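See structure below.
The values are calculated or read from the model by the stated rules, or taken from the named source; none is laboratory data. This one's a predicted model, so the numbers in the text were calculated from it and none came from an experiment. Methodologically, a virtual Cβ is constructed for each residue, glycine included, from the backbone with ideal geometry; neighbour enumeration extends over all protein chains shown. The protein model used for the area step is the full one, side chains on, heavy atoms only, and it has no ligands, DNA or RNA in it. Shrake-Rupley method; radii C 1.70, N 1.55, O 1.52, S 1.80 Å.
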Amino acid sequence: MKVITLASIILLSTSLGTSSPTPEAVNGTLSLNGTHSGDLTKRDGNGAECKRRPDSSGLNYYKLTTWGPWVDDWGQGFLDNIRGECKANVYNWYFQYYENGAKGDCSFEITAQAAPWCVENAVWDASNPTGAIWGLTCVNAKE
């Protein structure tokens with residue numbers, strides 16, 4: 001009898017706990033000058049949106065909006081991971097919290113030879129201790 005009860009509990013807990021989160025649609029845009037439009041809202045857990053723009057100086061400009069506890073150190077862990085993943089110097093680092101610390105804006109430049117995936121990997125590395133951000137893509141930004 002105990003085996004059946006234990007098997008039922010295991011079956012029930014696996015069937016309830018295997019659903020993967022559904023991606024949440026976000027209506028709105030994030031411009032490179034830091035203005036937001038649409039209904040970009042705070043979500044539970046860690047998250048980030050990433051925009052990238054190459055410039056004529058041979059650098060790529062990155063702009064990220066972040067939420068969740070993964071950047072509660074003012075992005076210092078993220079900055080360290082960018083240096084480690086991208087093997088490039090980071091220029092013009094900027095990080096600011098808003099919405100009472102619930103969100104943050106981050107921008108920086110790195111050499112154009114550093115592929116966008118290195119920034120995406122740096123986000124994953126920095127967010128992993130409090131809930132890794134999967135599937136981030138740094139999209140090319142419109143002016």
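Anything in the range 84-130 that is more than 17 Å from Trp74 (Cα to Cα) and either of a type in the set (Lys, Arg) or within 11 Å of the chain's Cα centre (by Cα) (or both)? List them, or say none.
Answer for the range 84-130, where residues must be more than 17 Å from Trp74 (Cα to Cα) and either of a type in the set (Lys, Arg) or within 11 Å of the chain's Cα centre (by Cα) (or both): Lys87, Glu120, Asn121.
Could you tell me which of the residues Thr66, Thr137 is of a type in the set (S, T, N, Q), open to solvent by less than 50 Å² (accessible area, probe 1.4 Å) and at pLDDT below 95?
Values: Thr137 fails: open to solvent by less than 50 Å² (accessible area, probe 1.4 Å).
Sole residue among the options that is of a type in the set (S, T, N, Q), open to solvent by less than 50 Å² (accessible area, probe 1.4 Å) and at pLDDT below 95: Thr66.
Results for (1) touching a strand residue (DSSP E or B) at 6+ places or on another chain (Cβ under 7 Å); (2) surrounded by fewer than 17 Cβ atoms within 10 Å (Cβ to Cβ); (3) modelled with pLDDT under 95, shown as yes or no for each residue.
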| position | (1), (2), (3) |
| --- | --- |
| Trp70 | no, no, yes |
| Tyr94 | yes, yes, yes |
| Ala112 | yes, yes, yes |
| Trp117 | no, yes, yes |
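Identify, by number, the condition in (1) part of a helix (DSSP H, G or I); (2) touching a residue at least 12 places away in the same chain (Cβ under 8 Å) that Arg83 doesn't meet.
Here Arg83 meets the rest and fails (2).
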